[in-house]
Amino acid sequence: MSASVLAIMALVMTNGAKATTYAMTVELQNAPACLHDEKTESAEQAARKRSALGATRAINTAESRYAAANKRYGAQGDLAGLLDPRYNLGADPGTEIVPGFTLTLDVSEKGYWFEVKDTTDPCGFRFISNQQGLIFTARPIQ
């Protein structure tokens, strides 16, 4: 994202068969840069992202092992003994699994999903995965 962003918003209001469109242009000055932009990501931020990706892979592996032994997926506290000690599961939601990244994990009878979110990135970068083991990168629409 650049330092200056131009946003255009349109609103359509209907009243019976008649529609009126309103448009508004807003310029955002000094919008914060995304930390994980492919073109501008620093070596330090890339290393942080690799660490978070390692934690994401480790959670999928731990869930697979836990399910094989227990016939169900594990909640955050259930996975502690199955995860490499460099990854901090913590007892409370919102604990940093690696520096600057938090884990949100939701388990149901049929599966699980989770995200490892960079709390320092203004663009909200995160890794998302579930019981299928595929890992996605995501950030909110800008």
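The values are calculated or read from the model by the stated rules, or taken from the named source; none is laboratory data. Every value quoted in this text rests on a predicted model; they were computed, and no experiment measured them. Glycine also receives a Cβ, built like all others from the backbone with ideal geometry; neighbour counts cover every protein chain displayed.
Descriptive notes on the structure:
- Output for region 96-142, where each listed residue is of a type in the set (Ser, Thr, Tyr) and either surrounded by fewer than 14 Cβ atoms within 10 Å (Cβ to Cβ) or not in a strand (DSSP E or B) (or both): Ser108, Thr119, Thr120, Thr137
- Close pairs (9 angstrom Cβ cut-off, 6 or more residues apart or separate chains): at negative phi and part of a helix (DSSP H, G or I) in region 35-49, among the small types (Gly, Ala, Ser) and surrounded by fewer than 19 Cβ atoms within 10 Å (Cβ to Cβ) anywhere: Arg48/Gly100
- Beta carbons closer than 6 Å, at least 6 apart along the sequence or on distinct chains, pair a first residue in region 82-108 that is over 13 Å from Ala55 (Cβ atoms) with a second that is part of a strand (DSSP E or B) and of a type in the set (Val, Ile, Thr) for Gly94/Thr102.
- When Asn70 is tested against (1) free of Cβ contacts under 8 Å to residues at least 60 places away in the same chain; (2) in contact with a helix residue (DSSP H, G or I) (Cβ under 7 Å, 6 or more places away or on another chain), exactly one condition is not met: (2).
- Among the candidates Pro85, Pro93, residue that is surrounded by fewer than 18 Cβ atoms within 10 Å (Cβ to Cβ) and either within 27 Å of Cys34 (Cβ to Cβ) or modelled with pLDDT of 95 or more (or both): Pro93
- Listed by first and then second residue, the pairs with beta-carbon distance under 9 Å, at least 6 apart or on different chains, first residue in region 127-142 and of a type outside the set (Ser, Thr, Tyr), second exposed (fewer than 11 other Cβ atoms within 10 Å of the Cβ) and not in a strand (DSSP E or B), are Gln131/Lys110.
- Test result for Thr56, under 16 Å from Thr119 (Cβ atoms), β-branched (Val, Ile, Thr) and modelled with pLDDT of 70 or more: yes
- Among the residues making up region 50-82, those that are surrounded by 14 or more Cβ atoms within 10 Å (Cβ to Cβ) and assigned to a loop (DSSP other than H, G, I, E, B) are Arg72, Tyr73, Gly74.
- Scanning region 49-84 for residues being over 22 Å from Thr137 (Cβ atoms) and either of a type in the set (D, E, K, R) or touching a Cys at 6+ places or on another chain (Cβ under 7 Å) (or both) gives a total of 4.
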